[in-house]
Amino acid sequence: MMNTPRPATGNPTPQRFPGFDVMGQARHWDAATTATVAARLDAPGELRFFTAEEADTARALCDRLLDQDEADRKKSRRRVPVVEPIDGRLADGLTDGWHYHDMPHDDVAWRRSLAALDADAEAEHGRRFHRLEPDQQDDLLSRIQRQASGDWHGLPAGHVWSLWTRYACTAFYAHPWAWEEIGFAGPAYPQGYKNLGLDARDPREVADHWPEYDPMARPGRPEL
């Protein structure tokens, strides 16, 4: 696929769905749905599972997986809280209900993998993972991903990668701000969607203003 040039908007991350407000749809939801979605906009609570050091590493990891550090660098995106929902799931034992036979339970796997990530960073750069430059973090993560079924600190690298991405993506895409980035109008209940099919939108949906823009097509960024 060809890399489409970044739109000349003056904004390094152009709004694909300008003016789109997911919470503006709340009038169509029932009370339980509205309360569930609105609660995700509350300020993150205190950590209950990760230590402060683990949270530093987890936040840097999730930033690289989701490119959220751009929100801090360029003030062009709102930062979706990711580590706190992951922390809450692990504290409450709310896993996906399964784990790979060659992996420990998710809580143990998260602690071991974060410690291993810091160990790699220390061995190679003399600093913990969250202290590295983004390109150094990307390099370490790319190497883990490329190992696939290979052993990484006593864990299968591909299954560690699955653990990280499953939890990070679930936390990110549960948040209304992430829905606004992708043009998702929120829960289908109780109103439903009536116009199904490619480029068939309901009245409450907004067209993508930059349909050919690839936000990942940035020089020097590895494919994670």
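For the reader, a short list of remarks on this structure follows.
- In the stretch 69-112, residue nearest to ILE182 (Cα to Cα) [restricted to those that are small (Gly, Ala, Ser), surrounded by 14 or more Cβ atoms within 10 Å (Cβ to Cβ) and modelled with pLDDT of 95 or more]: GLY88
- The test for being open to solvent by less than 70 Å² (accessible area, probe 1.4 Å) and of a type in the set (A, V, I, L, M, F, W, C) does not hold for ALA123.
- Looking only at the stretch 42-64, and only at residues there that are within 15 Å of the chain's Cα centre (by Cα) and within 21 Å of TRP179 (Cβ to Cβ), the one that is surrounded by the most Cβ atoms within 10 Å (Cβ to Cβ): CYS62
- Residue within the stretch 113-131 that is modelled with pLDDT under 95 and among the hydroxyl-bearing types (Ser, Thr, Tyr) present: no
- Leading residue by the ranking (farthest from PHE17 (Cα to Cα)) among those in the stretch 170-195 that are aliphatic (A, V, I, L, M) and under 19 Å from the mean Cα position of the chain (by Cα): ALA171
- Exclusive hit being touching a residue at least 60 places away in the same chain (Cβ under 8 Å), open to solvent by 60 Å² or more (accessible area, probe 1.4 Å) and assigned to a helix (DSSP H, G or I), set ASP135, ASP118: ASP135
- Scanning the stretch 139-169 for residues that are surrounded by fewer than 16 Cβ atoms within 10 Å (Cβ to Cβ) and within 18 Å of ASP69 (Cα to Cα), we see that the one that is nearest to the chain's Cα centre (by Cα) is CYS169.
- Restricting attention to the stretch 81-112, the residues that are assigned to a helix (DSSP H, G or I) and either closer than 22 Å to PRO44 by Cβ or not small (Gly, Ala, Ser) (or both) total 16.
- Filtered by the rule that a residue be surrounded by fewer than 12 Cβ atoms within 10 Å (Cβ to Cβ) and at pLDDT 80 or above, the stretch 177-191 gives a lone residue, ILE182.
- Residue identified as modelled with pLDDT of 80 or more, loosely packed, with under 13 Cβ neighbours inside 10 Å and under 29 Å from ASP208 (Cα atoms) among ALA39, ALA26: ALA39
The values are calculated or read from the model by the stated rules, or taken from the named source; none is laboratory data. These numbers were taken from a predicted model, which means no experiment stands behind them. Using ideal geometry, Cβ is built from the backbone for each residue, glycine included, and neighbour counts are taken over all protein chains shown. Side chains are part of the model used for accessible areas, which takes the heavy atoms of the whole protein and leaves out ligands, DNA and RNA. Shrake-Rupley method; radii C 1.70, N 1.55, O 1.52, S 1.80 Å.
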